[in-house]
Amino acid sequence: MIRQCPICKSELKVSELTCTKCGTVLKGDFQGCDFCNLSKQDQEFIKVFLKTHGSIKEVEKELGISYPTVKNRLKQIISNLGIKTKESLTRDERLEVLEKLEKGELTPQQAVSLLEGRR
């Protein structure tokens, strides 16, 4: 599914769904899933990653790419999905979490979750 208007390059939204069997049409403002917004190439990469149970060595073999390329693709996909990880938190963001913990604005469990990239 295309995500960008071919004329003005703005984001497209899904506004109609049709049943392939009975022809029922639903109209509205539908949201796609996060993974639907990834490129076909990224979706295929994720399939290979899952198929190999996350083994970077197996992904390397299957796709014929280097270890650094696999790592970079993973980082880019994680970023495109809007997932925060320990590595994606800036130094200032980590300090902010620790300051809030010190002030009692966060529990230790909340601070750990934020620092580990969980929400």
Checked against (1) modelled with pLDDT under 95; (2) farther than 25 Å from GLN4 by Cα; (3) touching a Leu at 6+ places or on another chain (Cβ under 8 Å), VAL48 satisfies every condition except (1)
The condition of being over 30 Å from LYS13 (Cβ atoms) and in contact (Cβ under 8 Å) with a residue 12 or more places away in the chain holds, among LEU106, LEU101, LEU95, LEU115, only for LEU115
Please go through the stretch 57-70 and give me each residue that is under 23 Å from LEU89 (Cβ atoms) and surrounded by 13 or more Cβ atoms within 10 Å (Cβ to Cβ), ordered by number. VAL70
Taking only the stretch 17-40 into account, find how many residues are surrounded by 10 or more Cβ atoms within 10 Å (Cβ to Cβ) and closer than 22 Å to LEU74 by Cβ. 7
Consider only pairs whose beta carbons are under 8 Å apart and that are at least six residues apart or on different chains; among these, list those whose first residue lies in the stretch 30-55 and is among the charged types (D, E, K, R) and whose second residue is surrounded by 13 or more Cβ atoms within 10 Å (Cβ to Cβ) and assigned to a loop (DSSP other than H, G, I, E, B). ASP34/LEU81
May I ask you to say which residue of LEU74, LEU98, LEU89 is in contact with a helix residue (DSSP H, G or I) (Cβ under 9 Å, 6 or more places away or on another chain), hydrophobic (A, V, I, L, M, F, W, C) and at pLDDT below 90? LEU89
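The values are calculated or read from the model by the stated rules, or taken from the named source; none is laboratory data. Predicted, not measured: the structure shown is a model, and the values here were computed from it. Because the Cβ atoms are built from the backbone with ideal geometry, glycine has one as well, and the counts that use them run over all protein chains shown.
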